[in-house]
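Structure first, commentary second.
The values are calculated or read from the model by the stated rules, or taken from the named source; none is laboratory data. Model, not experiment: these values are computed from the prediction. Neighbour counts run over all protein chains shown; Cβ positions are idealised from the backbone, glycine included.
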Amino acid sequence: MEKENKLQLEIVTPYGLILSEDVDEVTCTGSEGDFGVLPGHVPFFTTLKIGMLAYKKGNTTKYVFVNWGYAEVGPDKVMVLADSAEKSEDIDVERAKAAMKRADERLKKAEEFDFARSSSSLERAVARVQIGEKFR
Amino acid sequence: MPTLRDIRKRLKAIQSTKKITAAMKMVAAAKMRKVQDRMLNFRPYAKRMETVLSDLAKVAEREIHPLLALRPRKTVEVLVITSDKGLCGAFNTNILKAAYKYIDELKKEGIEVSLSVVGRKARDFFRRRNFTMRNTWIGLSGRISYANAQEIAANLVENYTNETFDEVVVIYNEFKSMIAQQVTVTKLLPVGTLAEEEGQKEQSMTADYLYEPTRAAIFERLLPKYIEIQAYRSLLESSAAEEAARMAAMENATKNCSELINKVTLFANKVRQASITKELMDIVGGVEALKD
């Protein structure tokens, strides 16, 4: 009975299954903006940006860093196929900060040919730091 | 009758061969474990991707994306995946035999075959038989990266889109277990032909989806990705199967060496005994002759 009001959240990446849990609520960054999912959501499919996925289970909220991907939402499940993903407790904040600095410097030098790469790695690093620090 | 020295030389040779095969077995085992880990981690992702795509394909029209387009089978692309190195038992032979048969059948049906291969063994095989290969990828096995799969996938997608061929079939060895590999033939393109057949059975999930951004945009990104993933998966499977096959082959070779060593040692001992007996007889004979 209890199960009916739960969402089955699964996050998979090419490097393995990151998370598989029954949760109450999921909030996620879609390519067109943030969206929230509660049990009984209409079937929904979206692409994801670099950003944060938060899920609530009882009174605790947990955060996951998601780096591009897709989410398929059904009435009782959320399936996230991400290029990479990390739980907030697994994020290496120091490393992310270093990456942020590096990307920032490269952007300042305005090397145009890899502007896209630098800015997306900056975006990644910023998101990682934010999520990593939130957890602490 | 070989001399004792010849036999000892032979024994040495066998012993060093055994050392090599034993070492190769260890190396293969280590490599296999690595690839297997990667594969096992990747499997859930590939599987989920498949379900997502088949869910979507059920409600989508075939016109929405070129990779979904069904065309009459005039030209079929066959992608054969083998290893670069030999010494892995029947691994390559099995795959090449199957591929050869498959191509033959297609030709009998009057379908043009375009051939691409991964791995040196396949290239050499088809070159000897005067096949023209559209594309060859060499030097991948042992260090497969996602980038390799991307390259192959991009090539296939491009040629499929501009109608060089109307179907893509991949033939590779699937990793079943440590001791079993299975030759597998899967259709890669057009996407969703398999899913559709299965879809008949389970209609429960056919619902109208909301899409964000648009459905076309999602397919635009998802389909090429799906091809990449399938290509990557076949490469991983094949390379895990290769190492497993090599391990088994080397295990057998090591066993055979041990057997041979026993046999040759026995023979060497017999020869040694014979020569000692002969020398003794000579001495006794000499002594007897001196007595008189």
Report summary line: Given (1) of a type outside the set (Ser, Thr, Tyr); (2) buried (at least 16 other Cβ atoms within 10 Å of the Cβ); (3) at pLDDT below 80, A:Lys108 misses just (2)
Report task. Check off (1) in contact (Cβ under 8 Å) with a residue 12 or more places away in the chain; (2) among the acidic types (Asp, Glu); (3) not in a strand (DSSP E or B) for A:Asp83 and give me the number that stays unchecked. Result -> (3)
Requested in this report: Answer yes or no: is there a residue in the range A:27-39 that is of a type outside the set (A, V, I, L, M, F, W, C), farther than 22 Å from B:Tyr209 by Cβ and surrounded by 14 or more Cβ atoms within 10 Å (Cβ to Cβ).
Outcome: no
Query - Candidates B:Ile111, B:Ile95, B:Ile64, filtered to the one that is out of contact with any Leu (no Cβ under 9 Å at 6 or more places or on another chain) and within 14 Å of chain A (Cβ to nearest Cβ) - result: B:Ile64
Report summary line: Over the range A:11-53, the set of residues charged (D, E, K, R) and facing chain B (nearest Cβ under 7 Å) is A:Glu32
Query raised in the report: Out of all the residues in the range A:33-67, which are of a type in the set (Gly, Ala, Ser) and assigned to a strand (DSSP E or B)?
Result: A:Gly33, A:Gly36, A:Gly51, A:Ala54
Query raised in the report: Which ones in the range A:40-78 are under 20 Å from B:Asp55 (Cβ atoms) and among the small types (Gly, Ala, Ser)?
Result: A:Gly40, A:Gly69, A:Ala71, A:Gly74
Query raised in the report: How about the range B:73-183: which helices (runs of 4 or more DSSP H) wholly inside it have at least 3 residues that are surrounded by 17 or more Cβ atoms within 10 Å (Cβ to Cβ) and touching a residue at least 60 places away in the same chain (Cβ under 8 Å)?
Result: B:91-108, B:146-161
Requested in this report: Sort through B:Thr93, B:Thr132, B:Thr136, B:Thr75 and tell me the only one that's among the β-branched types (Val, Ile, Thr), out of contact with any Pro (no Cβ under 6 Å at 6 or more places or on another chain) and within 20 Å of B:Ala28 (Cα to Cα).
Outcome: B:Thr93
